[in-house]
Amino acid sequence: MKKNTIIFGLGLILLITIVVGEYYCNYDLWVQNQFFNFDTKEWLISPAEHKHLSFIFYKGIKIFMIILGIILTAILALSIKYQKLRKYNQPNTILLLSMICVPSIIAGLKHITNVYCPRQLEIYNGRFPFIKILESYPPDFNQDVPGLCFPAGHATAGFCFMALYYCFKTPRYRWLGLGIGLILGWTTGLYQMLRGQHFLSHTLFTMVASFMIITALDIITRRYIYKTR
């Protein structure tokens, strides 16, 4: 219980720091400028290159999630009949729920924050003004299309695998599982940044929020579904 309290407390502090830091600093712009060619008006990964890389870094991981989700669901269903599979129910459940809930919750937040992607902004050859997360749009701004870019949604396809931290019992494998989730999350997140789809703060917020969601799911599954604590 104390560990979970620390995780949620630290997570909340980090989320506030990310948002406030984005407001008072220009680290988002500085980082994103490294990925944009102001002469050619192109991102480091162009739309043409995205077509070739999409299967690996965009569509590929989504397909992998769907296949893994089907497999985990099948194992959980078979465990009703085959007792030997039941020892895997708890980790399979937390991983499956994380793969469903993390992307869904983050996607829901995108509809509330009303923040545009870098490639949509005037400073990067787009048509919308650059407004920070805590700022309001100018009174004369005619918003015909809502901003749906914060937090970073695609990165959740990788960060949801931080749930592997709760799928193992020994510290060594727990940290290994967390590392796998972080690597997958930052691979997908950085890919989106390189093509102008997200700022750094978007991905940082998603990383922290995802682990908080996963921790909440772990508490729910252990306490109310499997009653192991």
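Search segment 128-148 for residues being aliphatic (A, V, I, L, M) and surrounded by 14 or more Cβ atoms within 10 Å (Cβ to Cβ), and hand back the single one that is nearest to Tyr116 (Cα to Cα). Don't jump to the end; show me each part of the working.
First pass over segment 128-148, keeping only residues aliphatic (A, V, I, L, M): 131, 133-134, 145, 148.
After this cut, where a residue has to be surrounded by 14 or more Cβ atoms within 10 Å (Cβ to Cβ) as well, the list is 131, 133, 148.
Values: Ile131: 8, Ile133: 10, Leu148: 6 Å.
Ranking the qualifying residues of segment 128-148, first place goes to Leu148.
For segment 162-178, the tally of residues that are loosely packed, with under 15 Cβ neighbours inside 10 Å and charged (D, E, K, R) stands at 2.
Within the span defined as segment 116-135, one or more residues are of a type outside the set (Asp, Glu) and assigned to a strand (DSSP E or B). Considering every residue within segment 79-98, establish whether at least one is aliphatic (A, V, I, L, M), farther than 30 Å from Phe38 by Cα and not in a helix (DSSP H, G or I). Within segment 79-98, one or more residues are aliphatic (A, V, I, L, M), farther than 30 Å from Phe38 by Cα and not in a helix (DSSP H, G or I).
Identify the residue in segment 1-28 that is over 30 Å from Asp218 (Cβ atoms) and in contact (Cβ under 8 Å) with a residue 40 or more places away in the chain and, among all such residues, is surrounded by the fewest Cβ atoms within 10 Å (Cβ to Cβ).
Applying the first criterion (over 30 Å from Asp218 (Cβ atoms)) to segment 1-28 yields 23-28.
From the residues that got through so far, the ones that are in contact (Cβ under 8 Å) with a residue 40 or more places away in the chain too are 23, 27-28.
Details: Tyr23: 12, Tyr27: 15, Asp28: 21.
Going through the qualifying residues, I end up with Tyr23.
Checked against (1) in contact (Cβ under 8 Å) with a residue 40 or more places away in the chain; (2) touching a Leu at 6+ places or on another chain (Cβ under 9 Å); (3) open to solvent by less than 80 Å² (accessible area, probe 1.4 Å), Asn37 passes all but condition (1). Residues considered: Ile94, Ile67. Of these, the only one that is exposed (fewer than 12 other Cβ atoms within 10 Å of the Cβ) and closer than 23 Å to Leu178 by Cβ is Ile67.
The values are calculated or read from the model by the stated rules, or taken from the named source; none is laboratory data. These numbers were taken from a predicted model, which means no experiment stands behind them. As a convention, Cβ positions derive from the backbone with ideal geometry for all residues, glycine included, and neighbour counts pool all protein chains shown. Just so you know, the surface numbers come from the protein's heavy atoms only, side chains and all, with ligands and any DNA or RNA stripped out. Shrake-Rupley method; radii C 1.70, N 1.55, O 1.52, S 1.80 Å.
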